[in-house]
Amino acid sequence: MQFLSFIGAITVFLIGVALAALEVTGWPLEITVIASVGVIGFIISGAIAYSAAKPIPFEFVGGYPSAWFDDIAEDKPMADALLEQLHHYEKMLQKNRASMDASARALKNAATAAGLTVGCCGASAVMISVFRTVASLATG
């Protein structure tokens, strides 16, 4: 959730930058474009981060005493009853592992999307700066 909050704060900041750049005379339009691309990238990253942070299906390993009633009524050997219970716990733990792995993948994907957004926006800003410098040197 902290990562999601961080992404949200950056997104709000970039929306402010984009809107301010539109209002201020003399600011290049490229600032608005780069900030807008950043907003889109961070919204995507935030959506992925939310999918990692939302509640997941989770099995609580354990059993109700009532689950043993049939085994006792059938006079099932203790070893057989315990083996069935162990299989049940194993399935629950495997489901938990799958849920946690899916959340971990989503969080990694969100971080990757945020990193790519920063990289793309940074590279765009550098390219625009270089092009403007070259253009001013060529004309001036």
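The values are calculated or read from the model by the stated rules, or taken from the named source; none is laboratory data. What you see is a predicted model, and the numbers here were worked out from it, not measured in a lab. Glycine gets a Cβ as well: all are built from the backbone with ideal geometry, and neighbour counts include every protein chain shown.
Summary of computed values
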{"item": "In region 34-57, residue surrounded by the fewest Cβ atoms within 10 Å (Cβ to Cβ) [restricted to those that are more than 15 Å from residue 114 (Cβ to Cβ) and among the β-branched types (Val, Ile, Thr)]", "result": "56"}
{"item": "Test: residue in region 23-33 that is at pLDDT below 90, polar (S, T, N, Q) and either surrounded by fewer than 16 Cβ atoms within 10 Å (Cβ to Cβ) or in contact with a strand residue (DSSP E or B) (Cβ under 6 Å, 6 or more places away or on another chain) (or both)", "result": "yes"}
{"item": "Condition broken by residue 117, with the remaining ones in (1) modelled with pLDDT under 90; (2) surrounded by 11 or more Cβ atoms within 10 Å (Cβ to Cβ); (3) of a type in the set (Val, Ile, Thr) satisfied", "result": "(1)"}
{"item": "Any hit, region 60-75, residues being in contact with a Leu (Cβ under 9 Å, 6 or more places away or on another chain) and surrounded by 10 or more Cβ atoms within 10 Å (Cβ to Cβ)", "result": "yes"}
{"item": "Selection from region 1-16 of residues that are surrounded by 16 or more Cβ atoms within 10 Å (Cβ to Cβ), at pLDDT below 90 and not aromatic (Phe, Trp, Tyr)", "result": "4"}
{"item": "Subset tally (residues that are farther than 14 Å from residue 124 by Cβ and either in contact with a Pro (Cβ under 8 Å, 6 or more places away or on another chain) or not small (Gly, Ala, Ser) (or both)) for region 22-58", "result": "15"}
{"item": "Among residues of region 92-140, those that are over 24 Å from the mean Cα position of the chain (by Cα) and either under 14 Å from residue 42 (Cα atoms) or of a type in the set (Lys, Arg) (or both), counted", "result": "1"}
{"item": "In region 95-117, the residues that are under 17 Å from residue 11 (Cα atoms) and in contact (Cβ under 8 Å) with a residue 40 or more places away in the chain", "result": "110, 111, 113, 114, 116, 117"}
{"item": "Residue 89 being touching a Leu at 6+ places or on another chain (Cβ under 8 Å) and either of a type in the set (Gly, Ala, Ser) or surrounded by 11 or more Cβ atoms within 10 Å (Cβ to Cβ) (or both)", "result": "no"}
